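Working notes, beginning with the structure itself.
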Amino acid sequence: MTQDVTFVMYHYVRDRGRHRFPRVNALDKAEFDGQLDYIASRYTVIGVHRALEALAGRAPLPDNACVLTFDDGLLDHYETVFPALRKRGWTGAFYPIAKTTWQDVVVDVHKIHFILASVEDEKMLYDRVLALLPELRKTEDFPDDPELLRVWAHPNRFDTAETIFVKRAMQTALPPLARRHLVDCLFDEFVPDDEAVLSRETYLRPLHIREMVDGGMEFGGHGYSHEWLGEIDPRVLDQELALTVDFLADITGKQDGWVMCYPSGSYSDLVIEKLKLLGFSGGLTTNVRLAGRGDDPFEIPRIDTKDLPMSAAG
């Protein structure tokens with residue numbers, strides 16, 4: 001038995017074989033069901049607010065506590081996750097992107113996923129990104145290719161160096177206007193679907209969220225447009241957080257006490273300071289370990305779904 005808390009991070013959860021983008025890196029529904037069986041056999045699933053209270057010493061903590069968190073506000077979470085959790089009498093913590101709930105848009109992080117899922121040849125996509133950089137340098141100032149590759153082309157647990165470079169070039173390595181132009185160019189070139197239609201097929205809408213809240217699910221913040229909060233200009237940060245607060249007040253009916261799930265795991269001391277002033281009670285990171293008593297409530301670590309077995313047998 002342990003008094004640590006295992007926070008598990010999920011994104012896409014779907015029947016991959018029936019989806020228009022089967023190459024999107026999703027957890028298959030059968031794997032998800034198997035993992036829930038594994039969790040049921042070894043953990044006690046609790047809500048995120050109960051977990052934060054317990055970690056702060058203000059509430060009892062069950063042995064082998066586990067919190068299930070779901071990022072990005074994907075339609076998968078209503079169609080696949082919500083019925084599975086409700087069937088077991090569990091709660092989950094969901095973190096939608098406010099903009100995609102309110103508008104028929106696809107944010108850059110998911111445009112990148114759809115681009116990657118539409119291009120099987122990763123090297124070709126990598127070469128295409130490099131080919132577009134000289135044109136972007138005509139209007140934006142950023143380092144030359146060797147320096148960009150030195151800083152950003154490093155593999156991680158899940159992606160090759162080339163794929164990571166493509167992602168980082170479109171997420172944070174280039175100036176904002178340059179990376180958005182790069183994303184839009186590649187999205188228009190490789191993804192034939194209408195953006196509004198794709199948005200409605202990808203994200204939760206307010207009606208879904210209200211039903212999930214009524215069904216016992218918890219909701220928190222994930223930014224307005226999925227910006228890297230720790231990297232953006234303070235004025236843009238203020239706008240992102242203000243719009244996130246408006247969104248959370250609307251969907252939860254509460255005026256404070258929310259939890260922020262940092263988009264792409266990006267945060268800073270300034271972000272935490274502003275969140276506290278706005279009435280947030282904690283923040284979820286992508287730091288990989290178990291959470292324990294004494295952890296800063298605004299720097300809660302999580303493990304990825306891939307770090308747990310996909311069946312009860314373990």
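The values are calculated or read from the model by the stated rules, or taken from the named source; none is laboratory data. Source: prediction; values computed, not measured. Virtual Cβ from ideal backbone geometry, glycine too; neighbours counted across all protein chains shown. When the accessible area is computed, the model is the full protein with side chains, heavy atoms only, and any ligands, DNA or RNA have been set aside. Shrake-Rupley method; radii C 1.70, N 1.55, O 1.52, S 1.80 Å.
Values as computed for the structure displayed
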| read-out | value |
| --- | --- |
| Relative contact order [Cα under 8 Å, 6+ residues apart], segment 73-191, whole percent | 27 percent |
| Potential extension, residue 180-residue 197 segment - 0.36 nm per residue separation minus Cα distance | 4.1 nm |
| Segment 1-148, accessible surface, carbon-and-sulfur percent (1.4 angstrom probe) | 47 percent |
| Cut-off of 10 Å, at most 13 other beta carbons, DSSP loop: longest stretch of the chain lacking such trypsin sites (Lys or Arg not before Pro) | 158-253 |
| Length gained when the stretch residue 236-residue 189 is fully extended (0.36 nm per residue, less Cα-Cα span) | 14.0 nm |
| Kirkwood-based shape ratio for segment 1-98, expressed as Rg/Rh from alpha carbons | 1.00 |
| Reachable lysines from residue 254, criterion Cα separation under 25 angstrom, eight or more residues apart if same chain | 99, 274, 276 |
| Overall Cα dimensions of the chain - principal axes, largest extent first, Å | 59, 44, 37 |
| For residue 44, residues with placed amide H under 5 Å, excluding near neighbours | 65, 66 |
| 15 Å reach of a label modelled at residue 88, 7 Å along Cα-to-Cβ, counting backbone N of segment 1-34 | 6-11, 13-14, 28-34 |
| Residue-normalised accessible area of the chain, given per residue in Å² at a 1.4 Å probe | 44 Å² |
| In Hz, Karplus ³J(HN,Hα) per residue of segment 52-65 (6.51, -1.76, 1.60; θ = phi - 60°; x = Gly, Pro) | 5, 4, 5, 5, 7, x, 9, 7, x, 10, x, 5, 6, 6 |
| Accessible area of segment 215-308 belonging to carbon and sulfur atoms, whole % at 1.4 Å probe | 48 percent |
| Per-pair calculated FRET efficiency, R0 = 41 Å: residue 139 and residue 210 via Cβ, rounded to 0.05 | 0.40 |
| Segment residue 103-residue 160, length gained on full extension (0.36 nm per residue, minus Cα span) | 17.2 nm |
